[in-house]
Amino acid sequence: MVSSGSVPKRSRVKAWFLVVVVVLLSVVGSVSYLGWRQSVPGVVSHTAPPRFVGHKTSLVFTLEATRGNVARVEIRVAQTGSSAVVVTREGALGQRLDIPVVLESATLGLREGGASLEVWARDDFWRPFRLKERAIATYPVTVDLTPPRIEVLGATRYVAAGGSGLVAFRVTGASRATVSAGKLVEPSFPWGPPERGARVALVALPWDLAPGASLAITAEDEAGNVASRALPSELRSRRFPRDRIEIKDAFLQAKVPELLPQRSPSQRLVDGFLVINRELRRQAEETKRRIGASSAETPLWEGPLVQPSRTKVFANFAEMRTYLYGGREIDKQVHYGYDLASTRQSSVPAANRGAVVFAGPLTIYGNTVIVDHGLGLQTLYAHLSSIEVKVGDVVARGQELGRTGATGLAMGDHLHFEVLVNGVSVTPLEWWDAKWIRDHITKPLREAGLPEIGGVDARAAAPAGRAPGRNASRQRN
Ligand SMILES: [Zn+2]
C-alpha cells in the first residue's frame, strides 16, 4: 500500500532543491558579476611618448577608460626620487581624452639625464573594491638641455642671388641639420670620412633673395634644442634682364587647346593662356621642388656641366617677362632657364653624369627630362620633341637624352635648360664655368680639408661649352 504522505514529501524535497539551486545560482551570478566589475581594467594610456625632453617640449597624452569615463588624471615627471605634478584634470572627462602638455624643464626643476613621465588616472566605473591610486603608465625619457654645436669648416666666400654656394660644417648632438637662404630651407648631406662627422650642403640662392637675407646653418636635436650659425659668406646683389613678349592669336590657337584640353568652350583663348601661364607654371614649380627634395646623397657628377655645342642663347636666367596681348599688359612671369637654339630636333646631351628622375610631359615645359646629379644638383631639359631615356636610367655626361622641339609653351624649336639646386632654379652660367666651380665649390672643400666632389680637380675636367651670349632673335620660352 502506498503511503499517502510520500508524494508531498517528495515535492517538498524538490522545492528545497529548487530553492537551493536558485540561491546558489544567484550567489554564483552575483559573485561573478562583482568579479567581472572588479576585473574591468581601468584607464589605459595610448600616448606616443617622446624619447627626449628639452627646454620646452610639447606632447599630447591620450587616455581612454575601458568602461565609464575618465574621472581624474595627473601627469607627473619624476627624477632622482622627487616628482613634480605637470597637470591635473578632474571631473567628467569623457571616455577618451587628449591632454596637451608643455614640459618646461626650468619650471619643473629638471636636470640633464634620465627621468620618467608618469600618468596617474582613475575612472568612475563602480567596483566592489576601489582600486588604489597608481600610475597607469610610466615613460622613461632623457632630459637633454644642451643645444647642438655647429662648426663651419668652409663656405663659398661670395654668393649672389640666383646663384649657388657650398658650405661644409660639422654638427655634434644633432638629428637634423639644414641650411637656409632667407625663407628657403635646404638639406645637408654627410661628407668625407665618417670619423670627421662633416656635412656638406649645396645652397641655392633664389633669384629674388633680398640683399640683407640671412644665410645660416640650423641644427636641431631630438629634444628640440636648436642652434644656428651664420654662413661666413657675402651675399651680392645681381641684376636680371627684362623682356616684353607679345602674345599672338596664332600662338594661342596652337597652344591653348593642347595645354588646356579641359577648357570650357566659352573661355577666351587669352584667358586660357593666363591659366596656363600662372596655374600650370606654378604646378611645374611644385613638381621641380618635390623632385629636388629626393636627390642622391652622393655626387654623381664631376667637373663643370656641359652646354650643348653650337647653340645660340635666346633667353637668360631670371628674365622678368611682361606678356602683352593686343598691346595691353596681361601678365608677368620669371623665366627660370636658358633658351638654347640650334637646328630643329638637334641632340640634347646630359650636362653631366646622373640619374634620370623625371621623363615625360611637365605642363608648360612640354616633354621634359630631369637628371639628378646628387647632393641636390639637378638639370632640366624642356620642350623636347622626343625623349630617349626613362626614369632610373644612369646617363653619362654628354649622352643623348632626346631631341629638341617646341612642346609645351614654346614658340619655336629650342632647348629650355635649367640648373636646379634643391629644386630651386639657379643660373647655369656658374655651373658651366670650370673656374667658378674651382673657386666656389672646390676651394671651400679644400679649405675644410675634405674630399673634393668627384675626387677630380675641376681644372682637369673637360672645358665648358662656349660662353653664352645674347641674341636678338625672338624665339623663346
Ligand atoms: Zn625657356
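The values are calculated or read from the model by the stated rules, or taken from the named source; none is laboratory data. Everything numeric here is computed off the predicted structure, so don't read it as measured data. Counting neighbours? That spans all protein chains shown, and the Cβs are built from the backbone with ideal geometry, glycine included.
Sort out which residues of the stretch 394-422 are within 31 Å of the chain's Cα centre (by Cα), surrounded by fewer than 17 Cβ atoms within 10 Å (Cβ to Cβ) and in a loop (DSSP other than H, G, I, E, B), and write them in order of number.
If the condition is that a residue be within 31 Å of the chain's Cα centre (by Cα), surrounded by fewer than 17 Cβ atoms within 10 Å (Cβ to Cβ) and in a loop (DSSP other than H, G, I, E, B), then 396 is the only one that fits.
With among the small types (Gly, Ala, Ser), away from the ligand (no atom under 16 Å from the Cβ) and modelled with pLDDT of 95 or more as the only criterion, which of 423, 454, 465 stands out?
One residue alone meets the criteria, 423.
Mind listing whichever residues of the stretch 145-177 are hydrophobic (A, V, I, L, M, F, W, C) and either exposed (fewer than 15 other Cβ atoms within 10 Å of the Cβ) or more than 30 Å from residue 436 (Cα to Cα) (or both)?
145, 174
Could you please find all residues in the stretch 197-226 being among the polar types (S, T, N, Q) and assigned to a strand (DSSP E or B)?
218
Failed condition for residue 81, given (1) surrounded by fewer than 16 Cβ atoms within 10 Å (Cβ to Cβ); (2) modelled with pLDDT of 90 or more, with all others met?
Evaluating residue 81 over (1) surrounded by fewer than 16 Cβ atoms within 10 Å (Cβ to Cβ); (2) modelled with pLDDT of 90 or more leaves (2) as the failure.
What pairs come up if the first residue lies in the stretch 189-203 and is in contact (Cβ under 8 Å) with a residue 60 or more places away in the chain, the second is outside any strand (DSSP E or B) and surrounded by fewer than 18 Cβ atoms within 10 Å (Cβ to Cβ), and their beta carbons are under 7 Å apart, counting only those six or more places apart or on different chains?
189/297; 192/451
If you take the residues of the stretch 355-393 that are outside any strand (DSSP E or B) and within 16 Å of the ligand (Cβ to nearest atom), which of them is surrounded by the fewest Cβ atoms within 10 Å (Cβ to Cβ)?
Result: 385.
Is it true that some residue in the stretch 316-338 is touching a residue at least 40 places away in the same chain (Cβ under 8 Å), more than 32 Å from the chain's Cα centre (by Cα) and within 16 Å of the ligand (Cβ to nearest atom)?
The answer is yes; a qualifying residue exists.
Could you please let me know if residue 243 is out of contact with any strand residue (DSSP E or B) (no Cβ under 6 Å at 6 or more places or on another chain) and of a type in the set (Asp, Glu)?
No: the conditions fail for residue 243.
What number of residues in the stretch 339-354 are buried (at least 18 other Cβ atoms within 10 Å of the Cβ) and within 15 Å of the ligand (Cβ to nearest atom)?
Adding up the residues that qualify gives 4.
For residue 266, only one of the following conditions fails: (1) free of Cβ contacts under 8 Å to residues at least 40 places away in the same chain; (2) hydroxyl-bearing (Ser, Thr, Tyr); (3) not assigned by TED's automatic domain parsing to the domain that holds residue 429. What is its number?
Every listed condition holds for residue 266 apart from (3).
Can you tell me which residue within the stretch 221-254, out of those that are among the polar types (S, T, N, Q) and either closer than 30 Å to residue 162 by Cα or surrounded by 15 or more Cβ atoms within 10 Å (Cβ to Cβ) (or both), is modelled with the highest pLDDT?
My answer is 228.
If we scan the stretch 306-315, do we find a residue that is of a type in the set (Phe, Trp, Tyr), at pLDDT below 95 and crowded, with 20+ Cβ neighbours inside 10 Å?
Yes: the stretch 306-315 contains one or more residues that are of a type in the set (Phe, Trp, Tyr), at pLDDT below 95 and crowded, with 20+ Cβ neighbours inside 10 Å.
List every residue pair whose Cβ atoms lie under 6 Å apart, where the two residues are 6 or more positions apart in sequence or sit on different chains, the first residue falls within the stretch 38-54 and is closer than 13 Å to residue 125 by Cβ, and the second residue, located anywhere, is aliphatic (A, V, I, L, M) and assigned to a strand (DSSP E or B).
Pairs that qualify, where the first residue is closer than 13 Å to residue 125 by Cβ and the partner is aliphatic (A, V, I, L, M) and assigned to a strand (DSSP E or B), are 43/63; 43/65; 43/70; 43/121; 43/136.
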